[in-house]
Amino acid sequence: MGRVTTTDRRTALRAGAGLVAGGALAAGCATTGSTAPPAAPASGPTSAAKVTPLTAPAPRAFPHQPAQITHGPRDRPRIALTFHGQGDPEIATALLAEAEKHGAHVTVLAVGTWLDTHPGMARRILDGGHDLGNHTQRHIAVNTLSEADALAEITGCADRLKRLTCSIGTWFRPSRAPAASPLVQRLAHRVGYPHVLSYDVDSLDFTEPGAPAVTRKVLAEVRNGSVVSMHFGYADTVAALPAVLQELDRRGLRAVTTTELLS
């Protein structure tokens, strides 16, 4: 599947305005053949037959980047804020809105079970011009699993993403680990992800240290090319994000999608 621009993506989304993402969007998508259950049903009447399925960007290979990426180029004033996609969708929506208010775009690595419960979040993320990727199906320690179970975790989330967006997502990040084991890296490549996305700055927001601590941690370590790990689902992250974005602006660091960071 070819890469599409943010403008093209928004045009495709608006063409299906008024429909909920939970299945209507996937009406014309080919599935990957898994036995995963169908996405959650739409909450209102829809007419799937009249909708052109949403087409999101496919994974892309960056020839000069390693198989496991921790950061982007250090010679350009850009950084990527990446969010583990799980938790209260209201918090997720607030984070996305705050980023957009500052002209920032982020990367969301979604958990498959979260997409099952909140399928409309896939549409919300892409409609804002953000990257959407795979953070395994159940957010368990994927590096500790057998080959078959680890593959099921990767493909389970990939299938849900494809059902909702006609793409397996632009990135894969392992769950419960900052980096993928060699086995998980090979399995992700087999599923269709040329790279595994790691990070070089960990906000530690999931420890709930308070918004000032999250802000200090990120701003003390971020620099050109950094990939920052953050999470949906934590009030501290929502409270910290405005100060993080304001200081990034002051330093002349643009918060962009990981795809743009590496392009």
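Counting pairs of Cα atoms in region 167-263, how many percent are more than 24 Å apart?
In whole percent, the share of Cα-Cα pairs in region 167-263 beyond 24 Å is 29.
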>> Considering only protein heavy atoms and a probe of 1.4 Å, how much of the accessible area of region 154-263 is carbon and sulfur, as a whole percent?
In response: 53
> So how far apart, in nm, are the two label points at R176 and F62 if each is 7 Å from Cα heading toward Cβ?
Replying inline: 2.8
> What is the set of long-range amide H partners of V108 at a cut-off below 5 Å, with H atoms built 1.01 Å from backbone N?
Replying inline: F83, D131, L132, G133
> Between the DSSP loop rule and a limit of at most 15 other Cβ atoms within 10 Å, which chymotrypsin sites (Phe, Trp or Tyr not before Pro) in region 189-260 are left?
Replying inline: none
> How would D116, D149 rank on accessible area, largest to smallest, probe 1.4 Å?
Replying inline: D149, D116
> Over region 85-219, how many percent of alpha carbon pairs lie in each 10 Å bin up to the one with the longest distance?
Replying inline: 12, 41, 36, 11, 0
> Once phi is turned into θ = phi - 60°, what whole-Hz ³J(HN,Hα) does the Karplus curve with 6.51, -1.76 and 1.60 give for every residue of region 187-196, x standing for Gly and Pro?
Replying inline: 5, 4, 5, 4, 6, x, 9, x, 10, 9
> On full extension of the chain, what length is gained from S146 through T207, given 0.36 nm per residue of separation minus the C-alpha to C-alpha distance?
Replying inline: 19.1 nm
> Roughly how many Å² is the accessible area per residue of region 126-211, as a whole number, for a 1.4 Å probe?
Replying inline: 34
> Separation of region 54-98 and region 166-205 by C-alpha centroid, Å?
Replying inline: 11
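The values are calculated or read from the model by the stated rules, or taken from the named source; none is laboratory data. The structure displayed is predicted, hence computed values, not measured ones. Counting neighbours? That spans all protein chains shown, and the Cβs are built from the backbone with ideal geometry, glycine included. Just the protein is used for accessible areas: all its heavy atoms, side chains included, with ligands, DNA and RNA removed. Shrake-Rupley method; radii C 1.70, N 1.55, O 1.52, S 1.80 Å.
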